[in-house]
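Student: First the structure, then my questions, so here it is.
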Amino acid sequence: MSGMIFADSLSRLGTESAFVVLARAQALAQQGKDIINLGIGQPDFKTPEHISEAAIKAIRDGHHGYTPANGLPVLREAVAADLNRRHGVEVNPDNVVVVPGGKPTMFFAVMMFGQPGAEIMYPNPGFPIYESVIKYSGATPVPIALEEKNGFAFSAEQVLSQITERTRLIIINSPANPTGGVTPKEEIDKLVAGLMDHPHVALMSDEIYSNMLYGGREHVSLLQYPEIRDRLIMLDGWSKTYAMTGWRLGYAVWPDAAVDHVTRLCINDHSCVNAPTQFAGLAALAGPQDCVTAMVAQFDARRQVIVDALNDLPGVRCADAAGAFYAFPNIEGTGLTSKQAQDKFLDEAGVATVAGTSFGAWGEGYLRFSYANSTENILEAISRIRKLL
Ligand code: PLP
């Protein structure tokens with residue numbers, strides 16, 4: 001036994017169970033089991049060739065040194081141009097901070113506002129890192145309950161009614177992980193209008209799935225509301241849109257008053273994102289976007305397949321998945337808890353999914369299926385589950 005004495009705060013740090021499921025699924029596959037992985041949330045496509053080539057060229061051209069901590073100026077300009085193209089907004093490249101993935105922005109934002117006595121609101125079920133990091137910071141996590149009957153959209157009224165003088169930050173996420181829910185514009189309008197009465201509250205809008213909406217829906221970016229730009233952190237990145245999860249590249253648009261703080265956090269934490277990856281990110285934004293359109297069309301086709309197939313299972317009911325690449329069916333009718341279903345489907349059917357409770361207490365009774373997998377595998381997975389049920 002080691003005599004080391006760790007900091008108490010470590011006991012409050014959670015994890016992302018999708019990685020635990022991934023490790024178990026890989027271990028079972030190594031034992032020769034035939035596993036279909038609908039657990040992990042990453043595109044099953046290859047990073048488009050022209051993006052990878054840009055990184056290789058950057059290495060050959062000698063881009064191997066440090067870059068500015070907030071990212072290469074040319075990349076931050078490309079981010080601003082992309083946000084103008086997609087959302088019709090003006091963004092000053094000086095407000096863009098490039099970081100290694102989507103996660104560092106949420107970690108830094110929560111660390112910037114979280115401390116004992118502070119309250120931070122977050123979606124539940126939601127991306128598990130929000131609650132984990134809020135607890136780690138010492139702040140009190142205040143859940144925003146997301147319900148199936150509202151298409152897993154947040155209710156502005158509920159969010160606003162939970163604000164106190166201790167509220168420091170509200171986290172929202174649309175399109176959402178794990179539910180695929182998309183919050184309609186009217187709710188976002190209401191939230192922004194209500195926030196005018198609470199100038200002390202900052203907002204972090206996680207828009208990492210902003211390119212993945214289906215059924216004619218259009219993304220509403222919080223950047224489109226000038227009245228909250230002075231306290232908005234808008235998170236987005238390359239991981240999902242360009243199939244670049246392993247490259248570790250993301251960014252956020254920060255309000256003027258927070259840019260220096262987050263830049264110092266970057267300098268203390270990672271200095272800068274590795275240079276060739278930033279050149280890959282530049283090629284992604286400045287190059288042709290048909291790779292994105294093609295990938296999203298594939299996700300849309302699979303989404304329709306998986307939602308129909310899930311609704312056909314006994315005891316299972318699946319809401320229309322409006323965005324991202326997740327279906328979040330209600331499985332209460334099977335008589336299994338979320339965790340029991342996750343374990344049973346993996347052990348007995350070789351299908352990896354993630355229990356709804358991995359995304360917070362409000363996820364009980366649900367299971368997350370990622371449809372970032374081939375239609376053939378999706379249908380085979382559902383057919384195996386059908387036999388089991
Ligand atoms: N935000 C949400 C809602 C996500 O689902 C994810 C990844 O699954 C991230 C952020 C993190 O993205 P990254 O892998 O770029 O850190």
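The values are calculated or read from the model by the stated rules, or taken from the named source; none is laboratory data. Bear in mind the structure is a predicted one, so any value in this text is a computation, not a measurement. Positions of Cβ are backbone-derived with ideal geometry, glycine not excepted, and every protein chain shown enters the neighbour counts. Ligands, DNA and RNA are stripped out before the accessible areas are found, and what is left, the full protein with its side chains, is counted by its heavy atoms. Shrake-Rupley method; radii C 1.70, N 1.55, O 1.52, S 1.80 Å.
Student: Scan region 184-202 and give yes if some residue there is surrounded by 21 or more Cβ atoms within 10 Å (Cβ to Cβ), within 16 Å of the ligand (Cβ to nearest atom), at pLDDT 95 or above and within 20 Å of residue 91 (Cα to Cα), otherwise no.
Tutor: no
Student: Go through region 148-183 and give me each residue that's within 18 Å of the chain's Cα centre (by Cα) and either surrounded by fewer than 17 Cβ atoms within 10 Å (Cβ to Cβ) or of a type in the set (A, V, I, L, M) (or both).
Tutor: Here is the first cut: in region 148-183, the ones within 18 Å of the chain's Cα centre (by Cα) are 151-154, 169-183.
The answer is 153, 169, 170, 171, 172, 176, 182.
Student: From 236, 256, 206, grab the single residue that is surrounded by fewer than 18 Cβ atoms within 10 Å (Cβ to Cβ), among the charged types (D, E, K, R) and in the same structural domain as residue 115 (by TED's automatic domain parsing). I'd like the intermediate steps shown before the answer.
Tutor: Working: 236 fails: surrounded by fewer than 18 Cβ atoms within 10 Å (Cβ to Cβ); 206 fails: surrounded by fewer than 18 Cβ atoms within 10 Å (Cβ to Cβ).
On inspection, the qualifying residue turns out to be 256.
Student: Here is a further query. State the number of residues belonging to region 1-22 that are more than 16 Å from residue 357 (Cα to Cα) and either within 16 Å of the ligand (Cβ to nearest atom) or in a loop (DSSP other than H, G, I, E, B) (or both).
Tutor: First, the residues of region 1-22 that are more than 16 Å from residue 357 (Cα to Cα): 1-13, 22.
Narrowing the set further to residues that are either within 16 Å of the ligand (Cβ to nearest atom) or in a loop (DSSP other than H, G, I, E, B) (or both) leaves 1-7, 13, 22.
The number of residues fulfilling the criteria is 9.
Student: How many residues does region 211-249 contain that are out of contact with any helix residue (DSSP H, G or I) (no Cβ under 6 Å at 6 or more places or on another chain), within 22 Å of residue 110 (Cβ to Cβ) and among the small types (Gly, Ala, Ser)?
Tutor: 1
Student: Still on this model: It is to be established whether one or more residues within region 121-134 are open to solvent by 20 Å² or more (accessible area, probe 1.4 Å) and away from the ligand (no atom under 16 Å from the Cβ).
Tutor: In the first step, residues of region 121-134 are kept if they are open to solvent by 20 Å² or more (accessible area, probe 1.4 Å); the result is 127, 129, 131.
Right, trim to away from the ligand (no atom under 16 Å from the Cβ) and you get none.
No, region 121-134 contains no residue that is open to solvent by 20 Å² or more (accessible area, probe 1.4 Å) and away from the ligand (no atom under 16 Å from the Cβ).
Student: Here is a list of conditions, (1) touching a residue at least 40 places away in the same chain (Cβ under 8 Å); (2) under 14 Å from residue 171 (Cα atoms), and residue 107 meets all of them except one; can you say which number that is?
Tutor: Condition not satisfied by residue 107: (1).
Student: Still on this structure, I have one more. For region 31-66, give me each residue that is in contact (Cβ under 8 Å) with a residue 24 or more places away in the chain, more than 17 Å from residue 274 (Cβ to Cβ) and either in contact with a Cys (Cβ under 8 Å, 6 or more places away or on another chain) or outside any loop (DSSP other than H, G, I, E, B) (or both). Reasoning before the result, please.
Tutor: Within region 31-66, the first condition is being in contact (Cβ under 8 Å) with a residue 24 or more places away in the chain, and the residues that meet it are 33-48, 50-59, 63-66.
Okay, now just the ones that are also more than 17 Å from residue 274 (Cβ to Cβ), so 33-46, 48, 50.
Passing the criteria: 36, 37, 48, 50.
Student: Would you check which residues across region 87-112 are farther than 21 Å from residue 211 by Cα, assigned to a helix (DSSP H, G or I) and either more than 10 Å from the ligand (Cβ to nearest atom) or more than 19 Å from the chain's Cα centre (by Cα) (or both) and list them? Let's see the steps before the verdict.
Tutor: Narrowing region 87-112 to residues farther than 21 Å from residue 211 by Cα: 92, 94-95, 107-112.
Narrowing further to those that are assigned to a helix (DSSP H, G or I): 94-95, 107-112.
The answer is 94, 95, 108, 109, 110, 111, 112.
Student: Shifting gears a bit: Of (1) farther than 17 Å from residue 78 by Cα; (2) touching a strand residue (DSSP E or B) at 6+ places or on another chain (Cβ under 6 Å); (3) more than 15 Å from the ligand (Cβ to nearest atom), residue 254 satisfies all except one. Which?
Tutor: Every listed condition holds for residue 254 apart from (1).
Student: Moving to a separate point now. Output the residue which, of all residues in region 290-324 that are basic (Lys, Arg) and in contact with a strand residue (DSSP E or B) (Cβ under 9 Å, 6 or more places away or on another chain), is farthest from residue 373 (Cα to Cα).
Tutor: First, the residues of region 290-324 that are basic (Lys, Arg): 302-303, 317.
From what is left, the residues that are in contact with a strand residue (DSSP E or B) (Cβ under 9 Å, 6 or more places away or on another chain) are 303, 317.
On the way: 303: 10, 317: 21 Å.
For region 290-324, the residue satisfying everything is 317.
Student: Does residue 54 qualify as being within 21 Å of residue 232 (Cα to Cα) and either surrounded by fewer than 22 Cβ atoms within 10 Å (Cβ to Cβ) or not basic (Lys, Arg) (or both)?
Tutor: Values: within 21 Å of residue 232 (Cα to Cα): no; either surrounded by fewer than 22 Cβ atoms within 10 Å (Cβ to Cβ) or not basic (Lys, Arg) (or both): yes.
No: the conditions fail for residue 54.
Student: If you don't mind, there's one more thing I want to ask. Could you grab me the full set of residues in region 88-106 that are surrounded by fewer than 21 Cβ atoms within 10 Å (Cβ to Cβ) and within 19 Å of residue 358 (Cβ to Cβ)?
Tutor: 103
Student: So, in region 320-350, of the ones that are among the aromatic types (Phe, Trp, Tyr) and not in a loop (DSSP other than H, G, I, E, B), which residue ends up farthest from residue 44 (Cα to Cα)? Step through it out loud before you land on a result.
Tutor: To start, the set of residues in region 320-350 that are among the aromatic types (Phe, Trp, Tyr) comprises 325-326, 328, 345.
Still in the running and not in a loop (DSSP other than H, G, I, E, B): 326, 345.
Values: 326: 13, 345: 21 Å.
Among those that are among the aromatic types (Phe, Trp, Tyr) and not in a loop (DSSP other than H, G, I, E, B), it is 345.
Student: A follow-up question, please. With the requirement that a residue be open to solvent by 10 Å² or more (accessible area, probe 1.4 Å) and not small (Gly, Ala, Ser), what does region 363-386 give you?
Tutor: 364, 366, 373, 375, 376, 377, 379, 380, 384, 386
Student: I would also like to ask the following. Starting from region 74-91, keep only residues that are within 16 Å of residue 220 (Cα to Cα) and in the same structural domain as residue 276 (by TED's automatic domain parsing), then list their pairs with residues that are open to solvent by 60 Å² or more (accessible area, probe 1.4 Å) and not in a helix (DSSP H, G or I) whose Cβ atoms are within a distance under 9 Å, requiring at least 6 positions of separation or different chains.
Tutor: Hits for this filter: 83/90; 84/90.
Student: What is the one condition in (1) within 16 Å of the ligand (Cβ to nearest atom); (2) open to solvent by less than 10 Å² (accessible area, probe 1.4 Å) that residue 219 does not satisfy?
Tutor: Single failed check for residue 219: (2).
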